[in-house]
Amino acid sequence: VANHCHYVDPAAFLLALEQPARYMASKLVFVGAGGLIGGLISRAGAFSVDTRPGRGSGALRAAVKLLCAGHSVVIFPEGDANMDCKTGTFHNGAVAIAREATKRSEQPIPIVPVMFEYGGKPGSWIRRFHFALQFLIAFLSFPLWRRGLRVTAGAPFYASTLSPEIKIASQELRNRVLSLQTTANNEVTPAS
């Protein structure tokens, strides 16, 4: 489970992981460039998730099935990339997936928090633009803003150590990811 600062974050996982993994990716990414991007990332192990409220259950079931079969699944709980590298709210899917996979497999599924920190990033001005335009701006100006990348993985833990309330558990998960950062561009928020 990682924060999501750029569209190349999954590629960084491909380079950093010692074993193959599957990736949840927004349906919007799969249809980008007329489906070309979807074709490329599906070969790298990505599968589509509809990030609209109430529409992602198929991808959640697929992730649970993969975890129960022993595969690693990479999840960016923010959903879409936040190009200004301000970590957004985590959706509840990652916690729900870990809990359901633990229940079905009858063994705890480890969650590994990961923090991506880039040496340069655009400011919050980039959020004014539509998702597709953010992607184009980031793609065309990559050398200006993405100098250096630090990837920090934390110690694995289990969903059972998180609050039973899923919204609070998702906030706790976000806090575990944020606790790995070395720069002060986000706040760790106490769960209430």
For this session: Please state which one of VAL151, VAL177 is touching a strand residue (DSSP E or B) at 6+ places or on another chain (Cβ under 7 Å), modelled with pLDDT of 95 or more and more than 16 Å from THR102 (Cβ to Cβ).
Result: VAL177
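Matching residues to (1) open to solvent by 70 Å² or more (accessible area, probe 1.4 Å); (2) among the hydrophobic types (A, V, I, L, M, F, W, C); (3) modelled with pLDDT of 90 or more; (4) closer than 15 Å to VAL8 by Cβ:
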| position | (1), (2), (3), (4) |
| --- | --- |
| PHE116 | no, yes, yes, yes |
| LYS121 | yes, no, no, yes |
| SER124 | yes, no, no, no |
| PHE142 | yes, yes, no, yes |
| ARG146 | no, no, no, yes |
| PRO156 | yes, no, yes, no |
| THR161 | yes, no, yes, no |
Exercise. Going by the structure shown, is ILE137 more than 18 Å from PRO164 (Cα to Cα), in contact with a helix residue (DSSP H, G or I) (Cβ under 7 Å, 6 or more places away or on another chain), touching a residue at least 12 places away in the same chain (Cβ under 8 Å) and open to solvent by 10 Å² or more (accessible area, probe 1.4 Å)?
Worked result: yes
Problem set entry | Of residues in the stretch 16-54 being assigned to a helix (DSSP H, G or I) and charged (D, E, K, R), the one least open to solvent (accessible area, probe 1.4 Å) | LYS27
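A quick yes/no check of all residues on (1) touching a residue at least 60 places away in the same chain (Cβ under 8 Å); (2) over 19 Å from THR102 (Cα atoms); (3) among the β-branched types (Val, Ile, Thr); (4) touching a strand residue (DSSP E or B) at 6+ places or on another chain (Cβ under 6 Å):
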| residue | (1), (2), (3), (4) |
| --- | --- |
| LEU14 | no, yes, no, no |
| PHE30 | no, yes, no, yes |
| GLY39 | no, yes, no, no |
| ASP50 | no, yes, no, no |
| SER57 | no, no, no, no |
| ARG61 | no, no, no, no |
| ALA69 | no, no, no, no |
Problem set entry | Residues of the stretch 73-104 classified as at pLDDT below 95 and either on the phi > 0 side of the Ramachandran plot or open to solvent by 30 Å² or more (accessible area, probe 1.4 Å) (or both), total | 7
Seminar exercise, completed: Of the residues in the stretch 58-72 that are out of contact with any Gly (no Cβ under 9 Å at 6 or more places or on another chain) and of a type in the set (A, V, I, L, M), the one that is least open to solvent (accessible area, probe 1.4 Å) is VAL64
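The values are calculated or read from the model by the stated rules, or taken from the named source; none is laboratory data. Everything numeric in this text was worked out from a predicted model, so none of it was measured. So basically every Cβ, Gly included, is an ideal-geometry build from the backbone, and we count neighbours across all protein chains shown. Just so you know, the surface numbers come from the protein's heavy atoms only, side chains and all, with ligands and any DNA or RNA stripped out. Shrake-Rupley method; radii C 1.70, N 1.55, O 1.52, S 1.80 Å.
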